[in-house]
Amino acid sequence: MDSAGREAAGQLGSYSYGAKNERSIGDVLRDIATNIQEMVRSEIRLARVELTEQGQKFVTAARVLAIGAVVALYGVGFVLLAGLFALELVLPAWAAAVILGAVLLIGAGIAVSAGLHRLKEVKAPVKTMQTVKEDALWIKEQPKS
């Protein structure tokens, strides 16, 4: 090897592919382990981002459901109050309570429906699952190459 070849080989370092300067199996295995560690770290970072996004959607949906449940409880209370008024006194007061209870129940139904719709939008971390599958395939193929 002439001086230009030795200089080029020195610049390549342990990655030169000359007959005398091939990388050892230990170096290759160390590089594979390092790559696998970095892939796992990347997957964890991606999972955190996706779970944070989906968690925020879940919290919003849960709040709307909670509001709907509270309003529904008030609606049931007014309907029960209306039944009480209807049984005790046959006066227009019970009609007002029935109307108020029905309005509250309709509002609760709308809120619960909106909360359920938003809850359906919360999904599993699809991107993370896909990249984990790809990484698993890559890892399986490493010893073969």
Taking only pairs six or more apart or across chains, which ones have beta-carbon atoms under 6 Å, a first residue in the range 30-54 that is over 30 Å from K120 (Cα atoms), and a second residue that is outside any helix (DSSP H, G or I)? I32/Q142
Which one of these is exposed (fewer than 13 other Cβ atoms within 10 Å of the Cβ) and at pLDDT 85 or above: V70, V90, V112, V64? V70
In the range 28-61, what residues are among the acidic types (D, E) and either in contact with an Asp or Glu (Cβ under 7 Å, 6 or more places away or on another chain) or surrounded by 11 or more Cβ atoms within 10 Å (Cβ to Cβ) (or both)? D31, E43, E50, E53
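For every residue, the table says whether it meets (1) outside any helix (DSSP H, G or I); (2) among the charged types (D, E, K, R); (3) in contact with a strand residue (DSSP E or B) (Cβ under 8 Å, 6 or more places away or on another chain); (4) modelled with pLDDT of 70 or more.
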site	(1), (2), (3), (4)
S42	no, no, no, yes
E50	no, yes, no, yes
K57	no, yes, no, yes
T60	no, no, no, yes
F85	no, no, no, yes
W94	no, no, no, no
V98	no, no, no, yes
G101	no, no, no, yes
L104	no, no, no, yes
Which residues, taken from the range 115-139, are within 18 Å of T52 (Cα to Cα), free of Cβ contacts under 8 Å to residues at least 24 places away in the same chain and either surrounded by 15 or more Cβ atoms within 10 Å (Cβ to Cβ) or among the charged types (D, E, K, R) (or both)? K120
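The values are calculated or read from the model by the stated rules, or taken from the named source; none is laboratory data. As the structure is a computational prediction, the values presented were derived from the model and not from experiment. Note: ideal-geometry Cβ built from the backbone for every residue, glycine included; neighbour counts use all protein chains shown.
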